[in-house]
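The values are calculated or read from the model by the stated rules, or taken from the named source; none is laboratory data. Every value quoted in this text rests on a predicted model; they were computed, and no experiment measured them. Quick reminder, even Gly has a Cβ in these numbers, built from the backbone with ideal geometry, and neighbours come from all protein chains shown. Surface areas here come from the heavy atoms of the whole protein model, side chains and all, with no ligands, DNA or RNA. Shrake-Rupley method; radii C 1.70, N 1.55, O 1.52, S 1.80 Å.
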Amino acid sequence: MTVRPPRRAIKELQAYDGAIPSSDLVMAANESPFTLPEPLLARLESGMRDFAYRCYPDPLATDLRKKLAEQNGVAPENILLGNGGDELLLDTLLAWGGPGRSVLVFPPTFSMYGIYAHTLETQVVKIPRDSGSFALDVDAAAARLSQGDVDLCFVDTPNNPSGTLTREEDIVRLLEASDALIFVDEAYFEFSGVTVLPLLERFDNLVILRTFSKAFSLAGLRLGYALARPEVIATLTKVRMPYSVNAFSQWAGELVVEERSAFEPALRLIRSERERLYSALDALGGVQVWPSQANYLLFRVAEAHEVWRRLLDDDGIYVRDFSSAPGLTDCLRVTVGSPEQNGRFLQALADRMGSGTLLSAHDKRVPDPILSAKEAAHE
Ligand SMILES: *Cc1c(COP(=O)(O)O)cnc(C)c1O
């Protein structure tokens, strides 16, 4: 027996492959290199036994919503929690996208915007970023929006994978160009310190996305939130799954908000390590690196895919390979790790880029018994 095909748009999609290859050191997913701070771990541990596992979660995460509202200086009605920021991206497309509707994106940028748009048969309009600086072409974007047929527009700032910020005045121009919903993805806000949240008072068509996955070491629990006008939040609430945010994640999220200051040392360290990593990459001959306001750095190197493979196979370090992605020829992205991890990555990269071509450098290497055993295990 056969099964009848799904919608054509689904048939053409590829399943997202987020599988992490076996490696000692993952610097590819923009996760925090650090676990939760001790006071938070202690509170989680002491509450585990009496936790209300058997009950359905509060659909709107009322307690967490209140705490986040207070922290951000907005009302609870301005906030919606999601199963990771990802769910809120999908919810936004469910409500504002769909057949016959259009979404504007600025590639190279976060791939999920396009993936969810395609899933929901939404037309994707692209205005590429500057190939050198990755700056957004605001004039072209505002002109395109003012035609009036774009329903939704995604602005990622700092942009993943380039790490570059979009200026507030440019976002204002997008907000003013039409009544399209302007979705400002601030997944890396805690590293940039820059937000357009004050614009929420002036604009009905603004949504801001935040996540607990990056700065707050909670990628595994899936928690993100949107900030918008109550009307926009109410619309998103109509399309979401009622119990998408599980009770344990809600509780952990509350603890994160309450213990926010305990994350500061790690955040400061990641920011200073980012600058150290940037300077070191910049000083390395043959590497072009872009300044970043996030917790990752995009860099370009000759034979990038080969460098990526050597880092993985020979050094056990997994970075993100964008070398064959449009607009990112020969680019790799490394997540800022702990000082030790960053040191290990820099050493490995310098070694891989050592004398001669990569291939000959590799072939000339004197076999090291431990490394060879590790290589064998990878094959
Ligand atoms: C990581 C990320 C998100 C959200 O991730 P979640 O883990 O689903 O919260 C959203 N946008 C960008 C650009 C990201 O890099």
Check your understanding: Using a 1.4 Å probe, what is the accessible area per residue for the chain, in Å²?
Key -> 47
Exercise for review: Please list, in chain and number order, the residues 5+ apart from S292 or on another chain whose amide H is under 5 Å from its amide H, with Hs placed from the backbone.
Suggested key: none
Check your understanding: Which whole-Hz couplings ³J(HN,Hα) result when phi for each residue of region 204-209 is put into the Karplus expression 6.51 cos²θ - 1.76 cosθ + 1.60, θ = phi - 60°, listed in order with x for Gly and Pro?
Key -> 6, 9, 10, 10, 10, 10
Review point. Just going by the charge dipole of the chain, with Lys and Arg at +1 and Asp and Glu at -1 on Cβ, which of P59, L269, H305 is farthest out on the positive end?
Key: P59
**Study point:** For the chain, with +1 on Lys and Arg beta carbons and -1 on Asp and Glu, the positive-most of I317, I10, T92 along the dipole
**Key:** I10
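Relative contact order for region 1-153: what percent, with Cα pairs under 8 Å and sequence separation of 6 or more? If you can, show how the numbers build up before the last one.
Details: 119 pairs, mean separation 29.2, N = 153.
Reported as a whole number, the value is 19 percent.
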Review point. Mind ordering 13-19, 160-166 by average Cβ neighbours within 10 Å, highest first?
Key: 160-166, 13-19
Exercise for review: Determine, from the Cβ-Cβ distance of A9 and A29 and an R0 of 35 Å, the FRET efficiency 1/(1 + (r/R0)^6), rounded to the nearest 0.05.
Suggested key: 0.80
Practice item. Specify the angular offset, from 0 to 90 degrees and rounded to the nearest 10, of the alpha carbon long axis of helix 369-378 from the longest principal axis of the alpha carbons in the chain. Key: 40
Practice item. Compute the acute angle (0 to 90°) between the alpha-carbon long axis of helix 84-96 and the principal axis of greatest extent of the alpha-carbon atoms of the chain; round to the nearest 10°. Key: 50
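Grab the Cα-Cα distance for R202 and D17, subtract it from 0.36 nm times how many residues apart they are, and report the gain in nm with one decimal. Don't skip to the end; give the middle numbers.
On the way: separation 185, 0.36 × 185 = 66.60 nm, distance 3.96 nm.
So the extension gain works out to 62.6 nm.
Using a 1.4 Å probe on the protein heavy atoms, what percent of the accessible area of the chain belongs to carbon and sulfur?
Values: 9540 of 17750 Å².
Here carbon and sulfur together make up 54 percent of the probe-accessible area.
Quick check on packing: order 313-322, 52-61, 129-138 by the mean number of other C-beta atoms within 10 Å, highest mean leading.
Highest to lowest by the protection proxy: 313-322, 129-138, 52-61.
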Review point. Dimensions of the chain along principal axes (Cα, Å, largest first)?
Key: 65, 58, 55
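Say the cut-off is 32 Å between C-alpha atoms; which of K67/K126; K11/K66; K214/K238; K11/K67 go over it? Can you show the working numbers first?
Values: K67/K126 37 Å; K11/K66 41 Å; K214/K238 27 Å; K11/K67 42 Å.
Pairs exceeding 32 Å: K67/K126; K11/K66; K11/K67.
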Review point. How long, wide and thick is region 66-192, going by the Cα atoms along their three principal axes, in whole angstroms, largest first?
Key: 39, 33, 26
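What relative contact order, as a whole-number percentage, does the chain give when Cα pairs under 8 Å and 6 or more residues apart are counted? Working shown, then result.
Numbers: 644 pairs, mean separation 78.3, N = 379.
Worked out over the chain, it gives 21 percent.
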**Study point:** Ordering of 338-349, 25-36 by packing [mean C-beta count within 10 Å, highest first]
**Key:** 25-36, 338-349
Review point. So what's the angle, to the nearest 10 degrees on a 0 to 90 scale, between helix 339-352 and the longest Cα principal axis of the chain?
Key: 50
